[in-house]
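Written below as structure tokens is the structure these notes are about.
The values are calculated or read from the model by the stated rules, or taken from the named source; none is laboratory data. This structure is a prediction, so every number in the text was calculated from the model and none was measured. Quick reminder, even Gly has a Cβ in these numbers, built from the backbone with ideal geometry, and neighbours come from all protein chains shown. Side chains are part of the model used for accessible areas, which takes the heavy atoms of the whole protein and leaves out ligands, DNA and RNA. Shrake-Rupley method; radii C 1.70, N 1.55, O 1.52, S 1.80 Å.
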Amino acid sequence: MYQAMTDKQLIKKIPDGGILTPKGFQCGGVHAGLRYAKLDLGMIVSEKPASCAAVYTTSHFLAAPLAVTQESIAEEKVLQAIVVNSACANACTGEQGYQDALKMRSLAASKLGIPVHRVAVASTGVIGEYMQMEKIESGIGKLTIGKTADDTKDFQTAILTTDTVMKSCCYTAEIDGVTVSIGGTAKGSGMIHPNMATMLGFLTTDANISSEHLAAALKDVTNTTFNQITVDGDTSTNDMVLVMANGTAGNQPLDPDHPDWSVFIDLLKESCASLAKQIAKDGEGATKLIEISVTGAMSDEEARMIGKQIAGSNLVKTAVYGADANWGRIIGAIGQSEASVNPKTVDISLGEIAMLKDSTPVAFDENQAREYLMNEKIEIFVDLHLGEGKGMAWGCDLSYDYVKINASYRT
């Protein structure tokens with residue numbers, strides 16, 4: 001069991017936990033016929049109205065489901081369900097796409113017997129195609145939700161596109177003497193680039209927290225987790241991370257003045273970081289997760305900038321794929337960043353193998369470095385020796401299979 005120390009106590013990872021581990025949630029998935037055989041429509045439901053927060057794509061072309069979700073949250077800042085489909089993004093579909101997203105929301109609300117504005121909508125898949133609403137209506141009608149591991153698996157399967165694995169996590173911590181849980185699941189494999197990605201992330205928690213404070217926490221945490229992953233440098237139209245908090249854990253309301261506020265922030269951060277790294281690791285055609293740690297920057301923001309620059313470099317990514325310890329590509333990526341850099345003080349290490357010290361080459365064993373680069377997780381450490389700023393970013397290698405997958409995405 002992985003345990004991360006907070007300033008007050010241990011945060012515990014629940015190996016088999018997920019979105020149904022927090023109290024008071026149900027979910028499910030069904031084959032509506034949007035895809036040939038796979039499950040393609042899912043729903044998460046809170047048994048009581050929940051505080052909520054979401055962050056969205058930075059694309060100018062905001063998909064219709066996201067616009068509808070924003071309207072739902074704005075109405076009362078409370079949600080009780082989210083309905084999600086794969087296969088069709090319902091993006092760049094004009095007024096018809098917007099009306100389809102509204103109908104999808106209405107169908108889900110009617111099934112559950114709740115107000116329409118307490119339902120969020122999300123979609124993922126091909127851009128520029130209209131929703132097959134008869135199939136959506138039929139699918140919502142036959143969708144069942146529950147609390148079993150199979151229900152969780154069905155939901156997680158229903159949201160996938162080119163993903164090769166399901167992505168989930170769960171962490172718990174003691175707050176006010178009671179156990180608070182956060183469970184999460186996500187989809188994302190290609191078109192992954194800060195800020196946000198072709199990714200959907202859903203988190204459930206039984207913490208007692210207002211939507212206002214949850215939104216502030218999610219925004220802060222997203223900047224150091226989901227916004228720090230990149231696969232291919234492209235941003236999608238449908239990206240969203242959404243959290244529902246139903247308060248059933250029984251803790252006192254959380255806010256920045258609560259003595260355990262930092263514990264909750266760490267709990268949320270662990271959950272989001274776990275999902276972010278799982279997405280990066282499952283990049284289309286990827287064989288390796290790349291984790292970049294930057295220290296000694298002028299600020300944390302500048303450290304994150306450099307980390308993203310390295311993670312997004314195609315030259316770095318292909319070198320990692322080919323197990324070529326070409327640290328010059330890392331220097332090249334750092335040199336492109338808008339962050340402050342002293343070209344005479346940079347250190348670079350590949351795992352425990354030092355390659356550059358004070359911007360001067362360090363002799364290293366090429367065979368040892370190649371062997372290290374054969375691992376599934378590659379760590380790159382950069383120290384700028386300028387300040388106290390630090391940050392991390394995650395990416396993946398770039399293989400031949402990435403081209404194969406995306407050259408035939410619609411076929």
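Among residues that are of a type in the set (A, V, I, L, M, F, W, C), more than 19 Å from Gly24 (Cα to Cα) and open to solvent by less than 50 Å² (accessible area, probe 1.4 Å), Ala74 is not included.
Taking each residue of the stretch 166-195 that is on the phi > 0 side of the Ramachandran plot and looking for partners that are open to solvent by 40 Å² or more (accessible area, probe 1.4 Å) and modelled with pLDDT of 95 or more with beta-carbon atoms closer than 8 Å, six or more apart or interchain, yields Asp176/Gly250; Asp176/Gln252. In the stretch 35-50, the residue that is most open to solvent (accessible area, probe 1.4 Å) out of those that are at pLDDT below 95 and under 24 Å from the mean Cα position of the chain (by Cα) is Lys38. Scanning the stretch 268-302 for residues that are in a strand (DSSP E or B) and either farther than 23 Å from Lys219 by Cα or open to solvent by 10 Å² or more (accessible area, probe 1.4 Å) (or both) yields Leu289, Ile290, Glu291, Ser293, Thr295, Gly296. Give the residues of the stretch 340-391 that are farther than 15 Å from Met298 by Cα and of a type in the set (S, T, N, Q), sorted by residue number. Selection gives Ser349, Ser359, Thr360, Asn367, Gln368, Asn375.
Residues that are within 27 Å of Ala286 (Cα to Cα) and surrounded by fewer than 14 Cβ atoms within 10 Å (Cβ to Cβ) occur in the stretch 352-362; there is at least one. Among the residues of the stretch 126-138, some residue qualifies, meaning at least one is under 23 Å from the mean Cα position of the chain (by Cα) and either open to solvent by 20 Å² or more (accessible area, probe 1.4 Å) or hydrophobic (A, V, I, L, M, F, W, C) (or both).
The listed residues are Thr164, Thr198, and the only one of them that is modelled with pLDDT under 95, out of contact with any Ser or Thr (no Cβ under 6 Å at 6 or more places or on another chain) and open to solvent by 10 Å² or more (accessible area, probe 1.4 Å) turns out to be Thr164. Counting only helices (runs of 4 or more DSSP H) that fall entirely inside the stretch 321-411 and contain at least 2 residues that are on the phi > 0 side of the Ramachandran plot, among the hydrophobic types (A, V, I, L, M, F, W, C) and at pLDDT 95 or above, no element qualifies. Within the stretch 168-177, is even one residue surrounded by fewer than 17 Cβ atoms within 10 Å (Cβ to Cβ) and more than 29 Å from Ser51 (Cβ to Cβ)? Among the residues of the stretch 168-177, not one is surrounded by fewer than 17 Cβ atoms within 10 Å (Cβ to Cβ) and more than 29 Å from Ser51 (Cβ to Cβ), which makes the answer no.
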